[in-house]
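Q: This is the structure, below, for whatever I ask next.
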Amino acid sequence: MKNHIISKEPLNLSLPPVMADYAQMRAGFSWEMAARNMAGLPGGKGINIAFEAVDRHAQGSLSKKIALRWLGKSGETRDLSFRDLAEQTSRFANVLAGLGVQPGERVFVLAGRIPELYIAVLGALKQRCVASPLFSAFGPEPIHTRIALGGGSVLVTTANLYRKKVADIRMRLPHLRHVLLVHDDADPMDIPRTLDLASLMRAASPAFVIGPTSGEDPALLHFTSGTTGKPKGAVHVHGAVIAHDVTGKVALDFHSDDVFWCTADPGWVTGTSYGIISPLTNGISSVVDEGDFDAERWYRILAEQDISVWYTAPTAVRMMMKGGTGQVRQHAFPKLRFIASVGEPLNPQAVWWGMEAFGLPIHDNWWQTETGGIMIANYAAMDIKPGSMGKPLPGIEAAIVKHCGANAIEVVTEPGTEGELALKRGWPSMFRGYLNEDERYRNCFSGEWYLTGDLARCDEDGYFWFVGRADDVIKSSGHLIGPFEVESALMEHAAVAEAAVIGKPDPVQLETVKAFVALNPGHVANETLRRELLGFARKRLGAAVAPKEIEFMDNLPKTRSGKIMRRLLKSRELGLPEGDTSTLEGSA
Ligand code: AMP
């Protein structure tokens, strides 16, 4: 029987969970109480994420403890203690100050998971700049769009990524004043209009006093995708650290001796909130792996690095499942005690596979770029219903709502009813705006409720179940992709008259990007052109975003007002009923 509850009673947990009783903690919880876990800047000068994550620990008994253990692609290891990290991030803050970069300016970081990425993000926060890590698998167009939207004045990247992806778009980024490069031994140092990060860091002081920071000062900028228009820049503030910190304790069960591994890249919100901030504020050691997914490598890291808490993604779990339990059984994980995953629905089979492979269930949890931290979760001490995202965190009120007229909603109380997932506003890591798009931000709220854009239902025991997205965005390998961004890149090719992009279901990646293309007169739909378009899109968008499949069509289905009906293309692709096509162009 694969759909019964995993009861936590007989599990014999090796450590008493931080949250021993969900209902009790929920009843007694307040955000004011959670805020008391924070040290605050000395002299009552406010709250700063980097101080809570690094400096407060660098002075005390944790100063020599490993904050980050970096595992390089080719087997090298570098440890940074809390004190090392404090010094390095202070150097970086001084580099920024020395270049005249002011608080509030946007500092972008485009790099693989190398130590400089972590140092630059935290150092930028010390100088009270807004840090924005970008996924290094993006191609030049998504990089350009985001730096331009954010008005970035500084970019930290590697010489290699700069040459491949930034040099050609640099002239289209007039705000970008400084590019700081991490050089490999083989790189030429004299790339025009760039500075060498290492020499600036060497020359900078390792001491830096963080200036007064308000909890409402912007700190982080994460881009996310909608169905229409450009990516949205979700702005998070320094006060969000209260949520980063407490959700690590409650949802990921952080204990002081844990060794934590979050496999997400900081280019996505999980890799920043939980790959950088939360473990550090909790004073625990984290592993950062530069390498890409490889099941055998991951098992070795879990075993050899004594990982005790592991936060990963359903796509990775499904890829491991493909290798069967034979592979995983060749390793032992005596220290591993808590596994969680986020980003996509976690199939019940995957939860059960965790039990078979590791002797531990995988705890699904739910949140999104806009929420800044985990909102709904399965907890160490709460029974799991495999396939459910769990229950809202203490301090978070979640509900299923129905729309009834112009921006009016109604909370649904009948268990099992499907509707939009909504959260009562007011938690510390709630985004404070979409950059330069006030109306779009306002439209996400109805009264006290933030509308998530996800469809879900809540059962009679208060467990939430994911149903799907209310919009057309695509989820591939845990990454949100906006169809508009992909369509726009395809449209730049001379042969393309129109493009529509959908997520095509995939057993491992959840969805892959598929494009439907109508050609301009004089172009022939053939295999050569298909390949050319795939290559064209990949070069511009990067492997993480580009379509994997292109289908030619004479015309794309449109509404009478001329809007391409992606929903219809998707239904046809899936062989599902076409739904209401009364607005389809050409329909009677
Ligand atoms: P992002 O903003 O890129 O982090 O993506 C957030 C979206 O990912 C959510 O709105 C959901 O659609 C999806 N998502 C995140 N976590 C889960 C989960 N546990 N189950 C199902 N979908 C999820």
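The values are calculated or read from the model by the stated rules, or taken from the named source; none is laboratory data. Quick caveat, the model's predicted, so the values are computed rather than measured. As a convention, Cβ positions derive from the backbone with ideal geometry for all residues, glycine included, and neighbour counts pool all protein chains shown.
Listed here are the residues, each with its yes/no results for (1) away from the ligand (no atom under 15 Å from the Cβ); (2) in contact with a Gly (Cβ under 8 Å, 6 or more places away or on another chain); (3) part of a strand (DSSP E or B).
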| site | (1), (2), (3) |
| --- | --- |
| Ile396 | no, no, no |
| Asn436 | yes, yes, no |
| Trp465 | no, yes, yes |
| Leu480 | no, no, yes |
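Q: Which condition from (1) in contact with a Phe, Trp or Tyr (Cβ under 9 Å, 6 or more places away or on another chain); (2) within 16 Å of the ligand (Cβ to nearest atom); (3) outside any loop (DSSP other than H, G, I, E, B) is the one that Lys230 breaks?
A: (3)
Q: Could I ask something else about it? For the list (1) touching a Pro at 6+ places or on another chain (Cβ under 9 Å); (2) buried (at least 24 other Cβ atoms within 10 Å of the Cβ), I need the number of the one condition that Arg318 fails.
A: Of the numbered conditions (1) touching a Pro at 6+ places or on another chain (Cβ under 9 Å); (2) buried (at least 24 other Cβ atoms within 10 Å of the Cβ), the odd one out for Arg318 is (2).
Q: Still on this structure, please answer the following. Sort out which residues of segment 331-364 are surrounded by fewer than 24 Cβ atoms within 10 Å (Cβ to Cβ) and near the ligand (Cβ under 7 Å from one of its atoms), and write them in order of number.
A: Answer for segment 331-364, where residues must be surrounded by fewer than 24 Cβ atoms within 10 Å (Cβ to Cβ) and near the ligand (Cβ under 7 Å from one of its atoms): Glu344, Pro345.
Q: So, Thr158, is that one in contact with a helix residue (DSSP H, G or I) (Cβ under 7 Å, 6 or more places away or on another chain) and at negative phi or not?
A: For Thr158, the condition - in contact with a helix residue (DSSP H, G or I) (Cβ under 7 Å, 6 or more places away or on another chain) and at negative phi - is not met.
Q: I need the full set of residues from segment 521-575 which are assigned to a loop (DSSP other than H, G, I, E, B) and of a type in the set (Asp, Glu), in order please.
A: Answer for segment 521-575, where residues must be assigned to a loop (DSSP other than H, G, I, E, B) and of a type in the set (Asp, Glu): just Asp554.
Q: Any idea which residue in segment 467-478 is surrounded by the most Cβ atoms within 10 Å (Cβ to Cβ), counting only those that are more than 10 Å from the ligand (Cβ to nearest atom) and in a strand (DSSP E or B)?
A: Ranking the qualifying residues of segment 467-478, first place goes to Ile474.
Q: Determine, yes or no, whether Val130 is in contact (Cβ under 8 Å) with a residue 12 or more places away in the chain, over 23 Å from Ala543 (Cα atoms), within 18 Å of the chain's Cα centre (by Cα) and assigned by TED's automatic domain parsing to the domain that holds His222.
A: yes
Q: Hey, another quick one. Go through (1) out of contact with any helix residue (DSSP H, G or I) (no Cβ under 6 Å at 6 or more places or on another chain); (2) over 17 Å from Ala34 (Cβ atoms) for Gly239 and report which single condition fails.
A: Unmet for Gly239, out of (1) out of contact with any helix residue (DSSP H, G or I) (no Cβ under 6 Å at 6 or more places or on another chain); (2) over 17 Å from Ala34 (Cβ atoms): (2).
Q: I need the full set of residues from segment 265-298 which are of a type outside the set (A, V, I, L, M) and in a helix (DSSP H, G or I), in order please.
A: Thr270, Gly271, Thr272, Ser273, Tyr274, Gly275, Ser278, Pro279, Thr281, Glu296, Arg297, Trp298
Q: In segment 291-337, what count of residues is obtained for those that are at positive phi and without any contact (Cβ under 8 Å) to a residue 24 or more places away in the chain?
A: 1
Q: Just to be sure before I move on: is Val209 over 23 Å from Asp79 (Cα atoms), touching an Asp or Glu at 6+ places or on another chain (Cβ under 9 Å) and at pLDDT 95 or above in the structure I sent?
A: In short, no.
Q: If you take the residues of segment 164-192 that are surrounded by 10 or more Cβ atoms within 10 Å (Cβ to Cβ) and of a type in the set (D, E, K, R), which of them is modelled with the lowest pLDDT?
A: Going through the qualifying residues, I end up with Asp187.
Q: Shifting gears a bit: Which is touching a Lys or Arg at 6+ places or on another chain (Cβ under 7 Å), in contact (Cβ under 8 Å) with a residue 12 or more places away in the chain, of a type in the set (Asp, Glu) and within 30 Å of Arg83 (Cβ to Cβ), of Asp217, Asp253, Asp257?
A: On inspection, the qualifying residue turns out to be Asp217.
Q: Do the conditions hold for Ser136, that is, is it at pLDDT 95 or above and either closer than 23 Å to Ala148 by Cα or not assigned by TED's automatic domain parsing to the domain that holds Asp258 (or both)?
A: In short, yes.
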